[in-house]
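The values are calculated or read from the model by the stated rules, or taken from the named source; none is laboratory data. Predicted model, so just to flag it, every value in this text is computed and none were measured. We place every Cβ from the backbone using ideal geometry, glycine too, and count neighbours over all the protein chains shown. Only protein heavy atoms, including side chains, enter the accessible area calculation; ligands, DNA and RNA are left aside. Shrake-Rupley method; radii C 1.70, N 1.55, O 1.52, S 1.80 Å.
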Amino acid sequence: MRRILISVSVLVLALASIAVAQESRRFTIEELLKVRRVGDVQLAPDGKRVAFTIGDVNSDANRIVTQIYVMPISGGEMKQLTSGDRSSTSPRWSPDGKKIAYVTENQLWVINGDGDNKEQITKISTGAAGPVWSPDGKWLAFSSEVYPECGDNNCNKRKDEEADKSKVKAHVTQRLLYRHWVEWRDLKRTHVFVVPAGGGETRDLTPGDFDSPPYAAATGVDYAISPDSRELAFLRNPDKVEAVSTNSDIYVVPLTGGAAKNITESNRGYDVGPVYTRDGKYIVYRSQATEGFEADRWRLMVYNRATGANMELTKGFDLQVEELALSPDGDFVYFTAGDKGRQPIYKISLLGGAAQKIISDVFATSVQISPDSRMLVFASSSLAKPSEIYRVNADGSNLTPLTAINNQLLARFNLKPAEDVEWTGALARKIHGFILKPTDFDPGRKYPLMVLIHGGPLSAWNNNWGYRWNPQVFADAGYIVFTPNPRGSTGYGQKFVADISGDWGGKVFTDISNGVAMAANLPYVDKNRIGAAGASYGGYMIDWIEGHNNDPRFHYRVLVSHDGVYNLTSMTGVTEELWFTDWEFKGTPWTNKAMYERWSPHNFVQNFHTPVLIITNTLDYRVPEGEGLQFFTAVQRMGVESKLVDFPDEGHWVQKPANSAFWHNTVLDWLDKHLKEDGQPQMDTDEHR
């Protein structure tokens, strides 16, 4: 009898140990916040070293602190060049490879490639960002937020001091696009400056009452210096009412200052990202042809500096060109483009022709090319692995990881790779998405299904790592996670992107619903426990589902709406980028009232009955918090179980680490309450089939 008791005790202890071990392997938001954020890969001019940044959560400061690192391209130890409680960002090698320019404490600095001899370059009161070296190494271009009426730093400094001392904090404007994303834009403008590389007087190359780059159109630094170091290419929007215009043009101006020339005046869509070829004959850039459509196909273009002609390189290429890099030999442009949830690397001849896919199963960013054009360096991630740095031969062979910064941290979690799924959507169109499973997935269990709906809507769920809506956190909380890419998603051809415009609750709703019906019938999914969550357009779709939760094939038991569009008319009156609503709803609420009324979730309050968590952010100027407040008022008055969370210090995204942890835990508590009877996935029994 005693032996049996001992055996039972040992078994209990063993099971307890297993339970603890399993619990320690859960990938929670707390674990996500420990992941180091690798980015901004910059290959040295000699091709032997690579600089990059790593961001780490500073819990005490409640922010991400980023520092700069360097390592040999052949592999080996990485060296940290910057440190402290302030971020250092935007590392850029000098043309001779001896120094790195970067930004810290809102100013430009340079440091030797080995970390010695740190030197401050700018002391401009309005701050400096986005360093770009001139090819001769004598100048640094940068951007700064200035008062357009000021002609020097003393004027800007005086105005800032007066504003700080004034008891009146009123915003005053006489133009649209007076605020954007999380900031008011009623007084200052972004301008491009140059400063001697050794420090000295700064010079404004884009004076005037306009933004350069236009903050609504810019995709990065968006200015460049010609190979002879005599000319600057930059962006500006020449249209009077910027809030309804997507017309960013590329201008060129002498580095010594003077009159600027518009080189893309004939195109009324976005033109962005100018890059000079090494021989100085061309400027390569990305462009959209359709005026007012922010998700039009991004084309790869070439401007001939001698003839003034613009030519598209990617005719017939039906995906959106994202990032580009020029081969030093001058023969090819390498670029990335979203393709069914991945972001492969392509190349195309500067003379034109068909684009060639170099490497497929990656989500590549920060692509860099070696001086001999034989090797590429880039960052890549997946839904199961955070971003790391890789090198690959220019023909796509011999893919080799250079960093393994998060491998040790993630080794104990056994994160499952995303699984591609496909189903039939509206009008018999094949639709694609991903399924993620918990790390301890058991095919003999029935799990609740969590549907995550992406924002945009002109974007996509990709097989890449994220920190705001990381599907692994939901999966490891005990859910099967389904991320559909319905109409409007990028990476499936331009018609697929455009099909959502004017049809927000139509074909896309069918695409998602058919996908959920497919996922609900997977053998390991409990079709009686389905929830959905989304942000921005994804939040709109949640609000729409709240009034249309009547599919006979399945039922959503719980919803989460983050910064969701609720009343299309009121949202259009307070959002900032008015070209977006003008395009998506084919006019304004007073010129096309019927469409706004047809697709507005607030018109279906009588059907509201599904428990919903509503999240808003006070500093959200994209989908202002009034949208969520209206939605909460409606569900409360309808007697629907609901909860409101409002972050007073966040914009459209929840980014501060403490807020992010609170957000994730609040969302998961809400889902668990409604989708888990006992807080755990259910056994596969007849009762749960």
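Take the conditions open to solvent by 10 Å² or more (accessible area, probe 1.4 Å), touching a helix residue (DSSP H, G or I) at 6+ places or on another chain (Cβ under 7 Å) and more than 23 Å from H180 (Cβ to Cβ) and apply them to R297. Does it pass? Against the criterion (open to solvent by 10 Å² or more (accessible area, probe 1.4 Å), touching a helix residue (DSSP H, G or I) at 6+ places or on another chain (Cβ under 7 Å) and more than 23 Å from H180 (Cβ to Cβ)), R297 qualifies. Taking the range 306-319 as the range and being within 26 Å of the chain's Cα centre (by Cα) and either among the β-branched types (V, I, T) or open to solvent by 70 Å² or more (accessible area, probe 1.4 Å) (or both) as the test, the residues that pass are T314, D318. Taking the range 647-666 as the range and being of a type in the set (G, A, S) and assigned to a helix (DSSP H, G or I) as the test, the residues that pass are A658, S660, A661.
Listed here are the residues, each with its yes/no results for (1) open to solvent by 30 Å² or more (accessible area, probe 1.4 Å); (2) assigned to a loop (DSSP other than H, G, I, E, B); (3) at negative phi.
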| residue | (1), (2), (3) |
| --- | --- |
| D40 | yes, no, no |
| G47 | no, yes, no |
| V50 | no, no, yes |
| I54 | no, no, yes |
| I64 | yes, no, yes |
| P95 | yes, yes, yes |
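Listed by position, the helices (runs of 4 or more DSSP H) contained in the range 518-603 that have at least 2 residues being touching a helix residue (DSSP H, G or I) at 6+ places or on another chain (Cβ under 7 Å) and either open to solvent by 20 Å² or more (accessible area, probe 1.4 Å) or at pLDDT below 95 (or both) are 568-574, 578-584.
Scanning the range 97-112 for residues that are part of a loop (DSSP other than H, G, I, E, B) and either closer than 17 Å to L43 by Cα or not charged (D, E, K, R) (or both) returns G97, K98, N106. Per this entry, K340 is not counted among residues that are closer than 22 Å to N393 by Cβ and modelled with pLDDT of 95 or more.
Within the range 105-122, restricting attention to residues that are without any contact (Cβ under 8 Å) to a residue 60 or more places away in the chain and within 25 Å of E162 (Cα to Cα), the residue that is surrounded by the most Cβ atoms within 10 Å (Cβ to Cβ) is Q107. Just name the residue that is nearest to G137 (Cα to Cα) out of those in the range 226-262 that are open to solvent by less than 10 Å² (accessible area, probe 1.4 Å) and part of a strand (DSSP E or B). The qualifying residue nearest to G137 (Cα to Cα) is L232. Please find, within the range 614-645, the residue that is nearest to the chain's Cα centre (by Cα) out of those that are under 15 Å from N549 (Cβ atoms) and open to solvent by less than 60 Å² (accessible area, probe 1.4 Å). Filtering the range 614-645 for residues that are under 15 Å from N549 (Cβ atoms) and open to solvent by less than 60 Å² (accessible area, probe 1.4 Å), the one nearest to the chain's Cα centre (by Cα) comes out as F631. For the range 161-178, a tally of residues being small (G, A, S) and either part of a loop (DSSP other than H, G, I, E, B) or under 24 Å from K240 (Cα atoms) (or both) returns 2.
Exactly one residue among E265, E322 is more than 25 Å from D40 (Cβ to Cβ) and surrounded by fewer than 21 Cβ atoms within 10 Å (Cβ to Cβ), and that residue is E265.
Within the range 336-366, being open to solvent by 40 Å² or more (accessible area, probe 1.4 Å), over 15 Å from N463 (Cα atoms) and either among the polar types (S, T, N, Q) or touching a Lys or Arg at 6+ places or on another chain (Cβ under 6 Å) (or both) holds for one residue alone: Q356.
Screening S380, S397 for residues that are out of contact with any Gly (no Cβ under 6 Å at 6 or more places or on another chain), within 24 Å of S327 (Cα to Cα) and open to solvent by less than 30 Å² (accessible area, probe 1.4 Å) leaves exactly one candidate, S380. When R412, R391 are checked against the criterion of being open to solvent by 40 Å² or more (accessible area, probe 1.4 Å) and at pLDDT 95 or above, a single residue qualifies: R391.
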